[in-house]
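In what follows, a single structure is set out as structure tokens and then discussed.
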Amino acid sequence: MTTPAITRTGRGDPAGGRAAPPAVLVEGVSRTYGSGARAVHAVRDVSFSVAPGQLVALVGRSGSGKTTLLNCIGGLDRPDAGRVVVSDRVVTELSEKGLVALRRDVVAFVFQTFGLVPVLSAAENVGLPLRLRRARTAEREARVELLLALVGLSDHARQRPGELSGGQQQRVAIARALANSPRLLIADEPTGALDSETGQSIMRLLRAVVRSEGMTAIVSTHDPVMMELADRVLHLSDGRLVEGHPVGGSVTGDSVLESPADERP
Amino acid sequence: MSGIKESVPKRFDRVLDHRETPDRRHRAGPAPGAPQVSSNLDEGVFPLRTVMKRARAQASILAVVTLVALFSCTLLSGLAVLATASERFAVTEALTEAPASSTEVCIGLNLWGEPLGPADTAVRDGLTGLFGSVPVRTTRQVASEVEPVRGTNLERLMYYGAYDGMATQARLVKGRWPTAAATARAAAGGGRIPVAVPRQLAKHLHLDVGDTLTSEDVESNEPTRGVVVGVYTTTPAAATGTAGTDPDAATQQGFWDFDTLSGTGHAEDWPVPGLPGLSADAYGPVVVDRSAFTELILPTEAQTRAVPDLARLPHDQLGTLLERARAAEKSLSIELDSVSTSPQVVTSLGDTLDRINRYLFVTRSGVVVTALLLLVLSTAALLLAARLLAERRTTEQALMRARGASGRQLLRLAALEGAILAVGTALAAPPLARLLYLVIAGRPAFAAAGLDHDPGVPGVARVVAAATSVLFLLVLLTPLLRRSTTFVEHEQERSRQDRRGLLQRSGLDLALVVLAGVAYWQLRTYHSPLLAADGELRLDPVLVTGPALCLLAGALLAMRFVPLLSRLAERTAARGRAVVLPLAAWEIGRRPARATGAVLLLTLALSSGTFGLSYLATWRASQQDQADFTIGTDVRIQQLTGSALGQSRAVSAVPGATTVTPVLNRTVIGTGSVQDLQDYYQDGGTPVQLVAVDADALPEVARGRVVEAGGESAELSRALPKLRTTAEDRGVTLPGTPTRVSARIRVGKPPKALEDVDVIVRLAFEDPQGVREVRELGVFPADGRARTASADLVDAVPGNGPGAKPRRIRPLPGLRLVGVQATWVPSQQSTRIDDTRITNTLRIDRLEVREGDGPRTKVTLPKGFRWKGIPALFGPADEAPPVDIAATATTATALDARISLPIGPYVLQPLGISFTTWTTVGEVPVVVTDSLLSSLGVAVGDTAALGFAASAVPVRIVATVPYLPTTEPASPAAFADHTALSLALLERGEAGWLVDEWWAAVPEDRADDYVAAIGSGQVGIATARLAYGRELAEQPLRIGIQGALWLMVAAAAAFAAAGFAMHATVAIRLRRVEFSQLRALGVSRRALTTVVAAENLLLCGLGVLFGVALGALLGWLVGPLVALTAEGSTPVPGVIVHLPWQQIGLLALEVCALLAVVVFVVTRVLRRSVLGSVLRLGDER
């Protein structure tokens, strides 16, 4: 299949050049659930930054605080301490209205459980963010078509999540995440509910679209493939950032966009 | 799919150990050694532990479902409590309030010297056999034969009597009452029997206490000697009426009916029985102790009046007593035949109990109809609750199946959980139902009906609670009985649900519509859910389930529109650019089961509520219509005492009425013509209920529901004006307020005297209220001699209270002399048999009136005053004997008439001439019922005749109607103008009263006071139509229907609230993850709230639309068929359906208020939900 061309403008060079401000800045973020003896310190004083265009893999054991950290970055949760800045917006200081705008225009999520509305078709799910932006119907339909083609699901536009395989659902979720051209893509164990083969395919897709769309991405994963594909890997253990280092290697679009037909329904 | 498989253990572990605290979730990994489902679900307490853990985890939805079940169960049990308790209390109340005359058993025995002892024993045994353990108050009366007082040569007769309760009905003037002890001493010693004598006897025989009174047997001349121990005077009760609950008072009703002299103590010229033409002074009773009749005095007749204290009749013995009472007259007569000749047993107890039983049955049918509607509603609510619970657990169930749990194991788990809930519900519902009854019974109408007692918890309530709980259990298990599906199938079903529900797909809803159609057709055919067979009512299952079937079928049919409408909404909304409306439309259109369930419940609730409100309003209005029809006017006054002129004054004296109108309302004989009427005694005739109301009151009759039933109103409204007579001044006004009128009468002119003819002369008066009455001046021989005679115009009526002096009531001022009636009758000595014509004169002069003891005032006739002489013949004019009448009047002579009439065969019967001062009425226009028209075989425009006591009037039929107010529906009846009829009767020589009752126009708010004033003034018995309407609707035996309907309306409102709230909250809970995901996409909380509001607005709109429309349709179609009379017949006037839109609007408004609550709840849920936490849980709901 051919790779659809998606062009972005005004995002700068993710590889470097003049030092651009970080796409994501996390400073001293802590999040504790409960209090007293029952307090659970999910995230403890975590600080890091992500340059624009980078794909960062967030790894750690279950319960290490990956999801909590991602939720804090994406504005789905508020840290008890610290600051999060995403595309010059101080997320931790945003009002509810600001958070809604952030989630609608700047950040996109891909969940382990796909997060698709079960009663909507693939196309309708992908079109939801565009409806939020009140895009014109023609524009919305064209964009949906494009995105479904990008994730290789043009033929499944009218199918509903329950009629798709896990991998296909995650592809729809990725297409929906891309709908409003977000600057930051947050994926929380996007392959957690998939078998390894499908997971790899999804990872490659993610890598490809991040590259092609020029967005920044933070992906929590246990998947070594994803770690290999990431520009940088952050290790989280018991809520603390243990280590962070860039990972070399690149992935071509061709290798990522393998046919979804290969996935078992 | 592999991804799904990997997720299963983790999710399933959470089902089994579902503690959702964040810390727990953080630490939760795949549970090491997770239990194997299939084996562990079968092990010991594990299922119970699983159920408990799951209940803790899903406490909120389980609580909602349980509450709905408990509410349904309480409601249906409450209805059972209402039915049984209200029946029980109502029967007691009805029996307590029943007049003694309607429950007493009166036994009359002809003893003719037979001993009293065996008769007493037989009566006691007979009553015990009839009433069983019910206490009975008896009043025994026994009397001897009338026998002469010794030494009076048959001029003074007396009789002995022993009456129970004599001391309450008579007052001792001197001495004491005879006692059993003294009588026993007399019997033992052969001494004189202690007696108490009437005052008159003591006076006339100069008897004093201690004197001897001796009577002797007519045949044997054996003396009976008594010693006077007391002298008494009687104080008969001043009025009759209902006795109420006091057995003492009850047995005193008609106390003196048994007495030979009716309690007067003395009668002059009393005809001696068995000796025609012989009369004597009679005295009695000479009171003796009852024991005297055993040996000393021979009893002739005895009477026992037994009034049962039915307030103490055990409820479950009503049927038994009813059976016995129906046969009481016959069976007691047979039993007593051995001790008496032709014993007489009279009782209305069987009819009374029968009527109560019918009332109960009719009320029960109404309650059953309501209960079935509530059952449908409750079942729908339970099904919705069960469906929502099942939906909440769909994923869990699918995962458990995926982990190896068999359908049977899952069913067992659900059955265990359902059984726990059902048992709890069954135990909790009956006490709550009792509280519910107490709340309903606290309403004023229930309290007024005497039903505000604590009924406890009847057994039937427990049975209903248990049955409802079982239903609840089955409903909970139903989703598990469906075909098992794989996880993938389940996910696919969730994604793309069939827009049509199971009922629609299978066509069961259409089958139900057909069934409902059949039931409705049957209902229309029989016009009642009750069938009468052999005089017994029975509930027909098809008929009684008709309304519920119609409700259910209508609601299910309406559900066929939900997918169509939702698809339309979906397509419309999807075209737009926004997200809110499309999301709402998608939710409803693509989760049709959830939406349909909510709309169905709302539809059922609102249609039940609307139907309940409509039925209640229709039923109450129908009761009032029936009351209006029965009473005919604002206040109807009956059983007046005294003459019509006195009644007129008495009624006028009571303040509060706008107008009062004399009414003639009696049964007369109707025939096709006057000639037929002459042959009536040979051929029979048709009894006709004739109502004649004064023309001034006709608009009142034409007002209101009485004449608006089913279109008949227009006919009666049009017909009534045709009855009016031309207004004219009649006769001459008597000066002042005369109490007596006198005149000099001379019949015949010497020497042409008719020695064998007498003439009865009567004067006809009319007072300002249109009351006409004839007063007799006397019987005058046609001997040509002038005689002065007078007539009293004052009316003497009994005084207020026992012993009170009679009241004298004068006529109203402005009394007019309007006519003279003269009837030539043969004297006893007449032997005339030949056919000759005679000429006779009648002269009335010196007409004077007097007011009290004041001077006489001459009545002067105005110049030009003319009499019109009319032969008051009993036959058509062309067949009447030729009578020539010439009547004149001058200022000096009131009437100077010359009559030439044939004497011959006619002398054998009176021949009357009426001298009138009005335009001759001739034929009286009448409106008749269809029934009378067909009975007489005549048509509109024809003439017929109505026969009265001593006269007959020809009538002309001007219109026909199905029925007439105050008359028995479907019976022959006629309506006439009172003025026209009474004048026509006067023309025809009618001398009887022309007023039977009075109708009063009274403002509604003063009607009760007016009725009370009529009662306290002892004018008569007044009934207000509004009060009677209230009585019909709120009498103890009927209030149950209203209670059930109130319950249904309240339940409908509650179910609408509970069902909708349950649906909304559970749906929100189920969509929490979805909402979080949408919020993660950037959908604001406000937008999500709007989505939910839009969804619910659409559901509410559909529910309200379908519900109100269906309820109104049901009320319109079924209401008239189930709103029956107290006795289970179709009401007259016909039922008019009422739709109380204001109350229905309130019901709909309640749903709108719910919508606001739902929006509020959604806002709170969204505000409180932590996005991260919810999203972390993902699909695990």
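Throughout, read-outs are computed from the coordinates displayed, never taken from laboratory work. In this text, all values refer to a predicted model and were calculated from it rather than measured experimentally. Cβ coordinates were reconstructed from backbone atoms using ideal geometry, including for glycine residues, and neighbour counts include every protein chain displayed.
Students often check this: by mean Cβ neighbours within 10 Å, which of B:570-578, B:69-77, B:287-295 ranks highest, and how do the rest follow?
Details: B:570-578: 14.3, B:69-77: 27.0, B:287-295: 22.1.
Ranking the peptides B:570-578, B:69-77, B:287-295 by packing returns B:69-77, B:287-295, B:570-578.
Tabulate in residue order the Karplus-calculated ³J(HN,Hα) for the range B:550-567, using 6.51 cos²θ - 1.76 cosθ + 1.60 with θ = phi - 60°, rounded to whole Hz; enter x for Gly and Pro.
Calculated HN-Hα couplings, in order: 4, 4, 5, 4, x, 5, 5, 5, 4, 5, 5, 7, 4, x, 4, 5, 5, 5 Hz.
Give me, ordered by chain and number, the residues 5 or more places off B:Glu990 or on other chains with an amide H under 5 Å from its own placed amide H.
HN-HN under 5 Å from B:Glu990: empty list.
Summing +1 for each Lys or Arg and -1 for each Asp or Glu, what net charge is found among the other residues whose Cβ lies under 12 Å from the Cβ of B:Leu1081?
Values: positive: A:Arg103, A:Arg104, A:Arg131, A:Arg133, A:Arg176, B:Arg1079; negative: A:Asp105, B:Glu1074.
So the environment of B:Leu1081 carries a net charge of +4.
Put a dot 7 Å past each Cα toward the Cβ at B:Ala796 and B:Arg185; how far apart are the dots in nm?
4.3
For B:Asp942 and B:Arg176, compute 0.36 nm times the residue count separating them, minus their Cα-Cα distance, and round to one decimal in nm. The partial results should precede the final answer.
Numbers: separation 766, 0.36 × 766 = 275.76 nm, distance 6.96 nm.
Between B:Asp942 and B:Arg176, full extension yields 268.8 nm more.
In peptide A:165-173, what is the residue-averaged number of other protein chain Cβ atoms found within 10 Å of each Cβ?
Numbers: counts 5, 7, 3, 0, 1, 1, 0, 0, 1.
Mean number of neighbouring Cβ atoms from other chains: 2.
Please report A:His235, B:His206 as a ranked list, fewest other C-beta atoms within 10 angstrom at the top and most at the bottom.
Details: A:His235 18, B:His206 7.
By the 10 Å Cβ count, ascending, the order reads B:His206, A:His235.
If you stretched the chain out fully between B:Val423 and B:Leu322, how much longer would it get, using 0.36 nm times the residue separation minus the C-alpha to C-alpha distance? Mind showing how you got there, number by number?
Values: separation 101, 0.36 × 101 = 36.36 nm, distance 3.95 nm.
Taking B:Val423 through B:Leu322 to full extension adds about 32.4 nm, to one decimal.
Of B:Lys749/B:Lys863; B:Lys722/B:Lys868; A:Lys97/B:Lys53, which ones are farther than 31 Å apart at the Cα? Display every interim value, and only then the final one.
Details: B:Lys749/B:Lys863 26 Å; B:Lys722/B:Lys868 25 Å; A:Lys97/B:Lys53 39 Å.
As for pairs spanning more than 31 Å Cα to Cα, those are A:Lys97/B:Lys53.
Can you compute the FRET efficiency between B:Ala63 and B:Leu435 using 1/(1 + (r/R0)^6), with r the Cβ-Cβ distance and R0 = 30 Å? Round to the nearest 0.05. Each step should come with its number before you reach the end.
On the way: r = 20 Å, r/R0 = 0.67.
In this case the efficiency is close to 0.90.
Let me check I've understood the local charge: for B:Val859, count other residues with C-beta under 13 angstrom from its C-beta, Lys and Arg +1, Asp and Glu -1. What total comes out? Please report the intermediate quantities before stating the final value.
Details: positive: B:Arg740, B:Arg744, B:Arg816, B:Arg846, B:Arg850, B:Arg856, B:Lys858; negative: B:Asp845, B:Glu848, B:Glu851.
Its environment carries a net charge of +4.
Evaluate the relative contact order of the range B:930-980 (contact order divided by residue number), counting alpha-carbon pairs under 8 angstrom at least 6 apart; express in whole percent. If you can, show how the numbers build up before the last one.
Numbers: 58 pairs, mean separation 19.2, N = 51.
Dividing the mean separation by the residue count of the range B:930-980 yields 38 percent.
Determine how many Å³ per residue the convex hull of the Cα atoms of the range B:368-432 encloses.
Numbers: hull volume 6.4 nm³, N = 65.
For the range B:368-432, the hull spanned by Cα atoms encloses 99 Å³ per residue.
Could you list which residues have their amide H under 5 Å from that of B:Trp867, counting only those 5 or more apart in sequence or on another chain, with H placed in the peptide plane?
The answer is B:Ala889.
For the range B:1132-1147, take each phi angle, set θ = phi - 60°, evaluate the Karplus expression 6.51 cos²θ - 1.76 cosθ + 1.60, and give the result in whole Hz per residue in order, putting x for glycine and proline.
Each residue of the range B:1132-1147 in turn: 10, x, x, 6, 10, 6, 10, 10, x, 4, 5, 5, 5, x, 5, 4 Hz.
Within 10 Å of each Cβ in A:111-123, how many Cβ atoms from other chains are there, averaged over the peptide?
Details: counts 8, 6, 10, 4, 10, 3, 10, 9, 12, 6, 4, 0, 0.
Whole-number average of other-chain Cβ neighbours for A:111-123 is 6.
Hey, for a label at B:Leu1146 modelled as a point 7 Å past Cα toward Cβ, could you say which residues of the range B:590-625 have their backbone N under 11 Å away?
Correct set: none at all.
So for the pair B:Glu295, B:Asn110, with labels modelled 7 Å out along Cα→Cβ, what separation do we get in nm?
The two pseudo-label positions are separated by 3.0 nm.
Distance in nm between label sites at B:Leu564 and A:Ser47, each 7 Å beyond Cα in the beta-carbon direction?
The answer from the label model is 6.8 nm.
Count, for each residue of B:1082-1094, the Cβ atoms from other chains sitting within 10 Å of its Cβ, then give me the mean as a whole number.
Details: counts 17, 7, 8, 3, 3, 2, 0, 0, 0, 0, 0, 0, 0.
Partner-chain Cβ atoms within 10 Å, mean over residues of B:1082-1094: 3.
Using modelled amide H (1.01 Å from N, peptide plane; none on Pro or chain starts), what sits under 5 Å from the amide H of B:Glu216, excluding residues fewer than 5 places away?
It is B:Arg150, B:Thr224, by chain and number.
So what J values fall out for the range B:759-776 if you push phi through Karplus, 6.51 cos²θ - 1.76 cosθ + 1.60 with θ = phi - 60°, rounded to Hz, Gly and Pro as x?
Karplus-based 3J(HN,Hα) across the range B:759-776 equals 10, 8, 10, 10, 10, 9, 10, 9, 9, x, 8, x, 7, 10, 8, 9, 10, 7 Hz.
Can you sort B:Phe1055, B:Phe1106, B:Phe561 by how many other beta carbons sit within 10 Å, fewest first?
Working: B:Phe1055 29, B:Phe1106 24, B:Phe561 13.
Lowest to highest Cβ neighbour count: B:Phe561, B:Phe1106, B:Phe1055.
Is the range B:74-121 rounded, prolate or oblate when judged by the Cα gyration tensor, a ≥ b ≥ c being the square roots of its eigenvalues, rounded requiring a/c under 1.5 and prolate requiring a/b larger than b/c? Before the final figure, lay out each step's value.
Details: a/c = 7.96, a/b = 3.95, b/c = 2.02.
Note, shape of the range B:74-121 comes out prolate.
Rank the residues B:Asp792, B:Asp164 as a footprinting-exposure proxy: fewest other Cβ atoms within 10 Å of their Cβ go first. Mind showing how you got there, number by number?
On the way: B:Asp792 12, B:Asp164 18.
Ascending Cβ contact count within 10 Å gives the list B:Asp792, B:Asp164.
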